[in-house]
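Written below as structure tokens is the structure these notes are about.
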Protein chains: 2
Amino acid sequence: MAQEKREKAIDLSHHLSELSKARQTSPLKGLAKFFGQPGLISLAGGMPSEAYFPFANIGGDALIPDSFAVKTAGQESSLSWFWKLFGKTKERTNPIVIPKFPSKPDEINLATALQYGTSTGLPQLQKFIDEFIEKVYQPGYSDCASLIQTGNTDGWSRAMQTLCNPGELILTEDWTYPSALASCRPLGVDAVPIAMDKEGMRSDELRKVLAEWDEKARGAKRPHVMYTIPVGQNPSGATMGAERKKEIYDICVEYDIIIVEDDPYFFLQMSEYKPKSARDMQSAPAESDVQFLAKLAPTFVKFDYQGRVIRLDTFSKYIAPGSRLGFFTCSPMFSERLQRQGETSTQAPCGFGQSLIAQLLTTWKFNGYVRWLHGLATQYTDRRDFFIDCFAEEFHLQLTTGERGAWAGCTVYAASPKPRGDAMSEKYSVGTKMFSFVPPTSGMFLWIKMNFENHPSIKSDPEETLEMKLWTKIAEAGVLIAPGWYFAANEDIPDAGRGHFRISFSNAEYPDLKKAVQIFSKVTREFFEQQ
Amino acid sequence: MAQEKREKAIDLSHHLSELSKARQTSPLKGLAKFFGQPGLISLAGGMPSEAYFPFANIGGDALIPDSFAVKTAGQESSLSWFWKLFGKTKERTNPIVIPKFPSKPDEINLATALQYGTSTGLPQLQKFIDEFIEKVYQPGYSDCASLIQTGNTDGWSRAMQTLCNPGELILTEDWTYPSALASCRPLGVDAVPIAMDKEGMRSDELRKVLAEWDEKARGAKRPHVMYTIPVGQNPSGATMGAERKKEIYDICVEYDIIIVEDDPYFFLQMSEYKPKSARDMQSAPAESDVQFLAKLAPTFVKFDYQGRVIRLDTFSKYIAPGSRLGFFTCSPMFSERLQRQGETSTQAPCGFGQSLIAQLLTTWKFNGYVRWLHGLATQYTDRRDFFIDCFAEEFHLQLTTGERGAWAGCTVYAASPKPRGDAMSEKYSVGTKMFSFVPPTSGMFLWIKMNFENHPSIKSDPEETLEMKLWTKIAEAGVLIAPGWYFAANEDIPDAGRGHFRISFSNAEYPDLKKAVQIFSKVTREFFEQQ
């Protein structure tokens, strides 16, 4: 494990915002030396008696870690939904229980979970998280800290307020998660978008923007905070590899930038998509959980020898969005400030959720949780394969090499209509490219670019108008997808408002995914017929 | 029920802060017309499949609503801990279960609770809350709204950011909840403290501050937001009655002030404390739940005919602090802005907590929940009585009428040492007043004022030094209480730093409460002996 001692000489405290500095240290801090003193009677806090918590225990039937296969469906993916549909009711479970007053001191304790004072999380959960960070993320310095938060939207909101003064700018990808920007805008914090390629943010473009920064022309000093979604990039589905991360990290050292790594899809990394016919008849043997972990692109935390990365993890995609539970991985200095930020807003994450998740994870143990994540990654791989297979059934997909922009050098799938029986009535030529995409390599989304330059009314309708016209028609036909404009970091990025859609394959049942592609296909073909 | 139509002509939207205005409306708002369309396939959000949530169900053993008696212990309070101590293990419970996929559509659904999209709360919970508001708080206008939040610290933080621009001032009580002020400080929002009496904030003082506001001298325009804790006032334990609330509301109409009513202790209202000997041998018959509700001081919401009250409720004191669940009661305009604020920070409260609490409340039903609250209020009354009885055992408590300041006209209990066998060795006279208090009429706290003017070293030690010296000695002797300076709205209020302690009687077991008072007594007497 990479365990260089963090270069303590580097003081990053000048990155703390005025907002963060004004936050008081915990009122309990001065009292800390008295806590844990045996026999201490605390009449200091406004804490109800645990006897008044109206649950003697909570619990549930938890799925077993190997509920989902780790072998992809191969050519069978388009049939496997049938099995999955009926398999759903056959969940294999084990009961877990969290008593209010457990008999053993080390057990997870509902009385503690439901009381005040857990802004750093239940001890058992904290321990699990710390071990997980150490084993899986392998931080580049030894005193790396963790801190529980209530999901990555909260995590980013707290990190941004801790790092940014009102009116400052942040670096983002050209296309990004809209809520992250919506959190910033009230403080007048806007995005400086960096051009992307198939690995997400480009390092050469990042260096260019920073090297050529013109404070006067930009109206703000050079950004010192980056917000990035390096894996399952939202909306593009790109995955940033180790080399790119190292390049970006080094640039951030050079220009003194704090990296906030929002990584909710980290464990949903997939192998490259192969057309159905190219996938093995008997798909490759399942890889082991160790191989699964080893193949994951490392996180920024691994390259971080200075403590300039704040990583955001969430259980939203691996357990449930309603968990509202996640954690920061960062230096102790940032962790302390983020804790103060939480104490004056959300306080601790919900104790019902914390205790159920802590009990689940400590019952599954590290190996069980990794097995669960491996099964999920396989599920998403099957879903992606099935979803793109559906497009291949509806459209003629031509494999080309992207020539310019974000997809330069990528294998791009260009979709044109398949010849139909009534070809004579079709107003477009059979070869008309309607849209293109690069199959995602992680996450939940297919990001498609419409080829509206081939639309008959392109000369009279701007592309953003066509985007919303087509989007509305698809919604009216019964399929809701996300319009592309919504993910543009701002209106100045190349291709902003030029016809994109983000389509999620994460939630719908397989038959619905198939039906949705059929509807999308029909509406899109009709749309391209219009004059 | 008071149901005047809100005077729509009054536009309070100028109270929305610049921070709040910059928050985008929900991205889903534009798509709203498509939601609920039968058969719609949504591929728009980044939602995991519910099949991947690793719980087939959750649940627990819930206490029954009448777990606690509604008849106070009367003269038996000091003995009743013995029964309570052993009664604790005899919790009477009923099981509740929330299946991931329930068979009936109206049942609380774990799949829904754990998915994205519940920023307005689970429908069943929302319905319960709306009915509760209507029946219990009886809002003064008909389109009063509710919105779920993650506890009152979050609630206040969101309300403050929605209402205050950086650098503005807010009205508070002289003594108040420190975290509420800590939330404000990063935005440069400071408190304008208003003097208090036994009902909390004084209306005459409020009017005086507003009428005499000198923008130039104060360096800020007149405040337009009030933060108040009207019941179980923290730290003073005061309860604001209907008349005072009406007076303050009318002043707020006159000066166009938004009232944020932070009311976590509302249902912990108690009758006046009576010394043990004055309590009935056979205590009064238990009152009915209807009588219990009828006797509660009404909330500001009842007087609100303009929609200028934002009420904060939390389940922290009635279910558990770890619930991290509460709700706003306010006008639809404020509710909409507060929702946007939540969407870019905490999103929804935890789904595990929401579903367990919703299932609990809908199982108990309205009457059951009121019975539970009634039982809790009785428990706190017994705790208060027992706690003050302990002081009466240790000290000579003299009933006097307060002459000035916050306690003018109140029945004040002045504590002096009881004569001991070794009176000759005592360095203080038997009549030395050491501290005074007004027994709280709601909430969790006893607020005591030290009479350090009678301390032998008062001439060399300032009172704030004596406060922390005594506090430290008490902590070292094994009892943690809260030092008074921590609750002062700022250093300019009368009596700030002049020797106060807030002591909580809400959490400790009865024997520990008794032991704590004995330790407090011993240390305080020794402290007053020092030269």
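Each reported figure results from applying straightforward, stated rules to the coordinates on display, with no laboratory input. Keep in mind it's a predicted model, so treat the numbers as computed, not measured. Every residue, glycine among them, receives a Cβ derived from its backbone with ideal geometry; neighbour counts consider all protein chains shown.
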For this session: Would you please calculate the Kirkwood hydrodynamic radius of the stretch B:353-401 over all C-alpha pairs and express it in Å, rounded to one decimal?
Result: 13.6 Å
Exercise. Which value, in debye to the nearest 20, describes the size of the charge dipole of the protein assembly as shown about its Cα centre when Lys and Arg Cβ atoms bear +1, Asp and Glu Cβ atoms bear -1, and nothing else is charged?
Worked result: 1320 debye
Problem set entry | Cβ-based charge dipole, the protein assembly as shown, positive-most Cα from B:Ala508, B:Ser179, A:Ala220 | B:Ala508
Seminar exercise, completed: For chain B, longest principal axis from Cα atoms; helix B:332-343 axis from its Cα atoms; angle between them, nearest 10 degrees, is 90 degrees
For this session: Any chance you could give the angle, 0 to 90 degrees and rounded to 10, that helix B:463-476 forms with the longest Cα principal axis of chain B?
Result: 80 degrees
Exercise. Given the C-alpha centroids of the stretch B:236-312 and the stretch A:437-491, what is the distance between them in whole angstrom?
Worked result: 56 Å
Seminar exercise, completed: DSSP beta bridges in the protein assembly as shown: the antiparallel percent, rounded to 5, is 75 percent
Seminar exercise, completed: In nm, the gap between the two label points placed 7 Å beyond Cα toward Cβ at B:Asp256 and B:His14 is 0.3 nm
Exercise. For the charge dipole of the stretch A:256-363, defined by +1 on Lys and Arg C-beta atoms and -1 on Asp and Glu C-beta atoms about the Cα centroid, which residue among A:Pro321, A:Thr362, A:Leu293 has the Cα displaced farthest towards the positive pole?
Worked result: A:Pro321
For this session: Hey, can you grab everything whose amide H is under 5 Å from the amide H of A:Val412? Only 5+ residues off in sequence or another chain; H modelled, so Pro and N-termini drop out.
Result: A:Thr400, A:Thr401, A:Gly402
Exercise. Which FRET efficiency value, to the nearest 0.05, is calculated for B:Asn367 and B:Glu476 with the Förster distance at 51 angstrom and r the Cβ-Cβ distance?
Worked result: 0.60
Seminar exercise, completed: Distances in nm between the label point of A:Asn94 (7 Å along Cα→Cβ) and its equivalents in the other copies, shortest first, are 3.2
Problem set entry | C-alpha long axis of helix B:123-132 to longest principal axis of chain B, angle in ° | 50 degrees
Exercise. Taking only the alpha-carbon atoms of the stretch A:382-529, what semi-axes of the equivalent ellipsoid follow from 5 times the gyration tensor eigenvalues under a square root, in whole Å, largest first?
Worked result: 20, 20, 17
Seminar exercise, completed: For the stretch B:64-379, percent of DSSP beta bridges that are antiparallel (nearest 5) comes out at 45 percent
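Work out the mean other chain Cβ neighbour count within 10 Å for the residues of B:311-322 and drop it here as an integer.
For this peptide, the per-residue mean of nearby foreign Cβ atoms is 6.
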Problem set entry | Base-10 log of normalised Debye intensity for the protein assembly as shown (one unit scatterer per alpha-carbon) at q = 0.04, 0.09 Å⁻¹ | -0.22, -1.06
Exercise. Other chains' Cβ within 10 Å of B:432-440 residues: what's the mean?
Worked result: 0
Exercise. Once you average over the residues of B:182-192, how many Cβ atoms of partner chains fall within 10 Å of each Cβ?
Worked result: 4
Problem set entry | FRET efficiency estimate (nearest 0.05) - Cβ-Cβ, A:Lys418 to A:Asp461, R0 41 angstrom | 0.95
Seminar exercise, completed: The convex hull of the Cα atoms of the stretch B:64-379, divided by residue count, gives a volume in Å³ per residue of 142 Å³
For this session: In whole Hz, with x marking every Gly and Pro, tabulate ³J(HN,Hα) for the stretch B:69-75 from phi via Karplus 6.51 cos²θ - 1.76 cosθ + 1.60, θ = phi - 60°.
Result: 5, 10, 10, 5, 6, x, 6
For this session: Would you mind checking the pairs B:Lys449/B:Lys522; A:Lys473/B:Lys100; B:Lys274/B:Lys302; A:Lys198/A:Lys246; B:Lys295/B:Lys449; B:Lys274/B:Lys295 and listing those with alpha carbons more than 23 angstrom apart?
Result: A:Lys473/B:Lys100; B:Lys274/B:Lys302; B:Lys295/B:Lys449
Seminar exercise, completed: Within chain B, cysteines having no neighbouring cysteine beta carbon under 4.7 Å are B:Cys144, B:Cys164, B:Cys184, B:Cys252, B:Cys330, B:Cys390, B:Cys410
Problem set entry | Closest approach to the axis - chain A beta-carbon, rotation onto B, Å | A:Cys350, 2
Problem set entry | Label 7 Å beyond Cα on the Cβ vector: A:Gln291 copy-to-copy distances, nm | 7.5
Problem set entry | Average projection area in nm² (convex hull over Cα atoms of chain A, one quarter of hull surface) | 27.9 nm²
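To the nearest 500 deg cm²/dmol, what mean residue ellipticity at 222 nm is calculated for the protein assembly as shown from DSSP H runs of n ≥ 4 alone, each contributing -39,500 (n - 2.57), summed and divided by the residues?
-10000 deg cm²/dmol
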For this session: Quick one: net charge around A:Ala22, please, counting Lys, Arg +1 and Asp, Glu -1 for every other residue with C-beta under 12 Å from its C-beta.
Result: +3
Seminar exercise, completed: Longest chain A segment clear of trypsin sites (Lys or Arg not before Pro) sitting in DSSP loops (not H, G, I, E or B) with at most 14 other Cβ atoms within 10 Å runs A:222-403
Exercise. How far apart are the B:Asn454 label points across copies, placing each 7 Å from Cα toward Cβ, in nm, shortest first?
Worked result: 9.3
Exercise. By DSSP, what percent of the beta bridges with both residues in the stretch B:382-529 are antiparallel, rounded to the nearest 5?
Worked result: 100 percent
Problem set entry | Dmax and Rg, reported as Rg then Dmax, of the stretch A:229-359 (C-alpha, Å) | 17.8, 57
Seminar exercise, completed: For A:Ile96, A:Ile194, ascending order of other Cβ atoms within 10 Å (fewest first) is A:Ile96, A:Ile194
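Could you list the GluC sites (Glu not before Pro) in the stretch A:103-196 that lie in coil according to DSSP, counting only those with at most 12 other Cβ atoms within 10 Å of their Cβ?
Filter output for the stretch A:103-196: empty list.
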Exercise. About the Cα centre of the stretch B:382-529, what is the dipole size in debye to 20, counting +1 per Lys and Arg Cβ and -1 per Asp and Glu Cβ, all else neutral?
Worked result: 200 debye
